[in-house]
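Step one of this worksheet: look at the structure below.
The values are calculated or read from the model by the stated rules, or taken from the named source; none is laboratory data. Keep in mind the model is a prediction, meaning the values are calculated, not measured. Here the Cβ positions follow ideal geometry from the backbone for every residue, glycine too, while neighbour counts run over all protein chains shown. Ligands, DNA and RNA are stripped out before the accessible areas are found, and what is left, the full protein with its side chains, is counted by its heavy atoms. Shrake-Rupley method; radii C 1.70, N 1.55, O 1.52, S 1.80 Å.
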Amino acid sequence: MKSPALLLATTAAFFPGYAFQLPFKLPFFGGGSQTTLVAPQLPESATPNRIAIIGAGAGGSSAAFWIAKAKERYGLNVEIDVYDKNSYIGGRSTTVLPYEDDSLEPAELGASIFIEANANLWRAVDEFGLERIKFEDEDDDSTGIWDGREFVLTTSSGNFYSNWLNKIKILWRYGYKAPAKTQELVGTMVSRYKKLYSRSAPQWSNITSVVSSLGWEEVTAETTAEYFDLHGIDRRWTRELVEAATRVNYGHNVDKIHALEGLCSLAPSGASSVKGGNWQIFEHFIAKSNASVYLNTTVKAISHFNPSGPWLVDSTASSQPRLYRSVILAAPFHQTGISFKGAPALVPVPPQPYVRLHVTLLTTSSPHPNATHFNLAPGSKVSTTLLTTHEGVRVRGGPEPEFNSLTYHGPVRTRDGTVRRNAKGETEWVVKIFSKERVEDAWLERVFEGRVGWVLRKEWDAYPVLPPTTDFPPVKLAEGLYYVNAFEPLISTMETETIASRNVVDLLLREQFQSALCKSAHLDGEDDAPDATSGSAPDGEDDQFVFGWDC
């Protein structure tokens, strides 16, 4: 399956799932009874050089990695503890095994791609010796955009622009300006986004400042529909093709999602994933950090009774609270269930609703969906990448599409790459469906003509609701307490969680340890010249420079 070039998203939905065996030793896990938390009488000198990270997903695992980078560069003496309520590292990124068969290649449960512009993940794959799988390497097939009653656009094999017939279809329906202007707007966004990796990368204590420094005020204050309309782009293009991207990647229609995230849905080339699962990146972040990891562990309370004293983290890992100089929260604040106690009070974190997504992963021996279900003649060939638009409901009062996306992801294979045959000797394909409601068995039987082999369903809060906004959560909740997920209402991807954690770590190191991730860049009074020991060059001289990895 090859997705259209303009519809490949910067990875948006990365989901919880299943445990895996870790290649490194972990300290003690859950258990132990809880005791009433009492503020201990400790002298100021009792505050340890220890940082707690709550959450072992993209944000938490990368935070541990960035701290370890500072330790390596500057001899910083600090311990790292990482807590997660799940039994695995990876947060909202996970894989599952078709038929629960360990001999088969795992399948990503969520939307699971990143692009070449995602420099942290791209660099991590190379540094950790992992293998990228490009979407161009997957089976090449057609794409259809379904409005609940009919296909408003179908393309033949290949992406929208690599095939002359597809070009003609697009130009005939939308005109030349729509794709050309869209590519220009996306290019501008990506160019500004790449500044986050430069030696002069902005460092922020609130999200509004980074929005301003990157010139993103307009794109965060308008819906995608409003922004594209104001730029004179054909309304059908925006509400059909662009909306297909925002629905598959964020579960939003273009009149509900801010324009920055809409532009992020229209990713450039280079969309890839990690062979075996993207979670391996985050496992390596943790392993490289030498952090102590407490999985299957619920953090119940975080307390601070003395402004100059330690933070106390009360968890199921121990009967007594553990002391920390600083705490990094790398999980959605209102979903943690953590009780915050003590004084002063935290900076308020506004409620953040999430999109509830149903993911259905299945195998089928049907090479294409059933044509008659999509109001086509029996035997017609239906596209194996089906995206959707709400425009049929808006304009024609038609039915809402039953799904956001339905995509074939290649045949079921064994781990050595051999195509697996079922008991009837048939090839089976892995299919992933994103929908707002549960997809029932009867619907699957109809769409795949009774040829469904294995089904796995998962329901979760996949990504934040992303309306236009000028207000963002605080990055710093209190002295020594920092919030990675404050960045999510701006851009919600695996990659941007690693950028947000890098910023939080840099802020924490400067404020709590008089250090930095890269001292020359962000410590007051330091020379802006490159670190002589880093082997890196200033901006413009080294296209491979990635701030944080390099200094």
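Observations, loosely collected:
- Taking only alpha carbon atoms, the stretch 306-416 gives an Rg to Rh ratio of 1.24, where Rh is the Kirkwood radius.
- Converting phi to 3J(HN,Hα) with the Karplus coefficients 6.51, -1.76 and 1.60 and the offset θ = phi - 60°, the stretch 332-345 yields x, 3, 7, 9, 6, x, 6, 8, 9, 10, x, 9, x, 5 Hz in sequence order, with x at every glycine or proline.
- Estimated vicinal HN-Hα couplings, Hz - the stretch 206-223 in sequence order (Karplus 6.51, -1.76, 1.60; Gly, Pro = x): 8, 5, 4, 5, 6, 4, 5, 5, 9, x, 9, 4, 5, 6, 8, 9, 10, 6
- Exposure check, 1.4 Å probe, all protein chains in place: LEU509 carries approximately 0 Å² of accessible surface.
- Surface analysis of the stretch 381-446 yields an accessible area of 46 Å² per residue, using protein heavy atoms and a 1.4 Å probe.
- Straight-line cross-link reach from LYS436 at under 29 Å between alpha-carbon atoms covers these lysines, not counting any fewer than eight positions away in the same chain: LYS2, LYS85, LYS134, LYS256, LYS275, LYS381, LYS458.
- The accessible area of TYR354, taken with all protein chains in place and a 1.4 Å probe, comes to roughly 40 Å².
- Neighbourhood net charge (15 Å Cβ-Cβ; Lys/Arg +1, Asp/Glu -1) for THR95: -1
- The stretch 447-525 - charge dipole about Cα centre, Lys and Arg +1 at Cβ, Asp and Glu -1, debye rounded to 20: 220 debye
- Protein heavy-atom accessible surface, 1.4 Å probe, per residue over the stretch 234-300: 25 Å².
- Near GLN203: Cβ cut-off under 10 Å, other residues only, Lys/Arg at +1 and Asp/Glu at -1. The net charge is +1.
- Highest-first packing order for the peptide set 78-86, 367-375 is 78-86, 367-375, based on the mean count of other beta carbon atoms within 10 Å.
- Global geometry of the stretch 355-482, whether rounded, prolate or oblate, following the gyration tensor of its Cα atoms and the 1.5 cut on a/c: oblate
- Working note: Karplus 6.51/-1.76/1.60 with θ = phi - 60° gives the stretch 451-466 the couplings 10, 8, x, 10, 9, 10, 10, 9, 10, 7, 7, 7, 8, x, 5, 10 Hz, where Gly and Pro are set to x.
- Solvent-accessible area per residue in the stretch 457-507 equals 21 Å², computed with a 1.4 angstrom probe and all protein chains kept.
- Accessible area per residue (1.4 Å probe, heavy atoms of protein chains only) ranks VAL439, VAL395 as VAL395, VAL439, with the largest value leading.
- If you take all other residues with their beta carbon under 15 Å from the beta carbon of VAL465, and give Lys and Arg +1 and Asp and Glu -1, the sum is -1.
- Accessible surface of THR418 - all protein chains present, 1.4 Å probe, nearest 10 Å²: 70 Å²
- Taking every DSSP bridge with both residues inside the stretch 220-372, close to 65 percent are antiparallel.
- Whole-percent carbon and sulfur share, accessible surface of the stretch 357-420, 1.4 Å: 52 percent
- Considering only ALA478, GLN514, ILE499, the residue lying farthest towards the positive end of the dipole of the stretch 387-532 is ILE499, judged by Cα position with unit charges set on Cβ.
- Taking a straight Cα-Cα cut-off under 23 Å and skipping sequence neighbours fewer than 8 places away in the same chain, the lysines within cross-link reach of LYS519 are LYS69, LYS71, LYS194, LYS195, LYS288, LYS476.
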